[in-house]
Amino acid sequence: MNPARGSLLGIEHLEAAEILRLLKFARRMNPDKPRPLLKGKRVMLLFYESSTRTRSSFEIAAKSMGAHTVLIQSFGSSIEKGESLLDTGYTVRAVGADIIVIRHPNAGAPYVMAQHIDVPVINAGDGLHEHPSQALLDAYTILRNKNTFKGLQVAIVGDIFHSRVARSACHLLSKFGVKIILCGPPELVPDIATTLAPGIRVTRHIDDALRGTDVIMLLRVQSERLSGLKLDLLEYITRYQMNPARLKMAKKDAIVMHPGPIIRGLELTSEIADGAQARILEEVRNGVPTRMAILARAMGKMR
Ligand code: NCD
């Protein structure tokens, strides 16, 4: 079965025009001025991994458009008893799901779901693969601050190898000709990352990444994912942590982004996290109108 119309499984195969249409529609969405575009619809939030921002903003987005939401987490559901992904999918469909939002530790899980269930499936993060709603809200945030993608340089710093956020961001930004510089040690940013999308460069030097940069996107350095890697966190901090002195190397009006969760003292200092150039909480806020647009598109209401 082909995925239902309105599914959002990844950014890689989404056309630039469709991305712009979504972002434009998101600008019209405001959770404080509810619009009943999803009145009476049931949005199932199927979370096989922990989540704070993604889950809460999908929930608020759905509710502000008049939908009902049901949260199913692996803990406390039949998933814990060993039920398969598809059987859980058939079950939530049988109880009346109109949209399934799914986060899963395995890459491709949302695709499998979309091939068997006849309602739109939205990928809320699958393994190390993609996190399309995050890339869209990041693009929304960039456009709100910079007005255009034209001529922009974006530096992505941190654990890119383990980051689905980075993968989706690279796919999205490269469709608009943005210059992308990935920065970190080889354990976190392998050279092969340049093949991900056109227009990507890898550097090991933070000053090289920051020079002339408009947007700095920091990624979590995820200690639980680093076992087996010969990475010294103190060395990471010395070479890559974003601090005020480093931020000065970027353009004067550069903004600092981070998908969260942030780890103060590791990827960035508190001065940066709470500083004037940070857009980290704005990203979280922008997650709501962006996800309203994603859900409206899922129901064919993006008009
Ligand atoms: C990220 C994720 O889960 O991929 N967070 C998010 O959704 N905003 C990034 C991370 O956990 O490092």
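The values are calculated or read from the model by the stated rules, or taken from the named source; none is laboratory data. As the structure is a computational prediction, the values presented were derived from the model and not from experiment. So basically every Cβ, Gly included, is an ideal-geometry build from the backbone, and we count neighbours across all protein chains shown.
One line per residue, one yes/no per condition, for (1) farther than 22 Å from Leu152 by Cα; (2) assigned to a loop (DSSP other than H, G, I, E, B); (3) among the aromatic types (Phe, Trp, Tyr); (4) within 14 Å of the ligand (Cβ to nearest atom):
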residue: Lys251; (1), (2), (3), (4): no, yes, no, no
residue: Ile262; (1), (2), (3), (4): yes, yes, no, yes
residue: Glu271; (1), (2), (3), (4): yes, no, no, no
residue: Pro289; (1), (2), (3), (4): yes, no, no, no
residue: Ala293; (1), (2), (3), (4): yes, no, no, no
residue: Gly300; (1), (2), (3), (4): yes, yes, no, no
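Scan the stretch 79-125 residue by residue and report those that are of a type in the set (Lys, Arg) and more than 26 Å from Ser168 (Cα to Cα).
Residues of the stretch 79-125 that are of a type in the set (Lys, Arg), as a first pass: 81, 93, 103.
If the condition is that a residue be of a type in the set (Lys, Arg) and more than 26 Å from Ser168 (Cα to Cα), then Lys81, Arg93 are the ones that fit.
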* Can we say Glu283 is among the acidic types (Asp, Glu), at pLDDT 95 or above and buried (at least 19 other Cβ atoms within 10 Å of the Cβ)? -> yes
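Name the helices (runs of 4 or more DSSP H) wholly inside the stretch 50-123 in which the number of residues that are among the charged types (D, E, K, R) is 1 or more.
Numbers: elements: 53-64, 85-94, 109-116.
It comes to 53-64, 85-94.
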* May I ask you to list pairs of residues, at least six apart or on different chains, whose Cβ atoms are under 8 Å apart, with the first in the stretch 96-114 being touching a residue at least 12 places away in the same chain (Cβ under 8 Å) and the second being in a strand (DSSP E or B) and of a type in the set (Phe, Trp, Tyr)? => Ile102/Phe47; Arg103/Phe47
* **Residues of the stretch 166-192 satisfying the condition of being assigned to a helix (DSSP H, G or I) and in contact with a strand residue (DSSP E or B) (Cβ under 8 Å, 6 or more places away or on another chain)** => Ala166, Arg167, Ser168, Ala169, Cys170, His171, Leu173, Ser174, Asp191
* Asked: In the stretch 273-287, what residues are in a helix (DSSP H, G or I) and either β-branched (Val, Ile, Thr) or in contact (Cβ under 8 Å) with a residue 40 or more places away in the chain (or both)?
  -> Ile280, Glu282, Glu283, Val284, Asn286, Gly287
* In the stretch 264-303, what residues are among the aliphatic types (A, V, I, L, M), more than 17 Å from Thr141 (Cα to Cα) and touching a Ser or Thr at 6+ places or on another chain (Cβ under 9 Å)? -> Leu266, Ala298
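With touching a residue at least 12 places away in the same chain (Cβ under 8 Å) and buried (at least 21 other Cβ atoms within 10 Å of the Cβ) as the only criterion, which of Pro244, Pro190, Pro198, Pro259 stands out? Even if it seems obvious, please write down each step before you answer.
Details: Pro244 fails: buried (at least 21 other Cβ atoms within 10 Å of the Cβ); Pro190 fails: buried (at least 21 other Cβ atoms within 10 Å of the Cβ); Pro198 fails: buried (at least 21 other Cβ atoms within 10 Å of the Cβ).
The match here is Pro259.
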* Asked: Picking from Val154, Val165, which residue would you name as being more than 16 Å from the ligand (Cβ to nearest atom) and in contact (Cβ under 8 Å) with a residue 12 or more places away in the chain?
  -> Val154
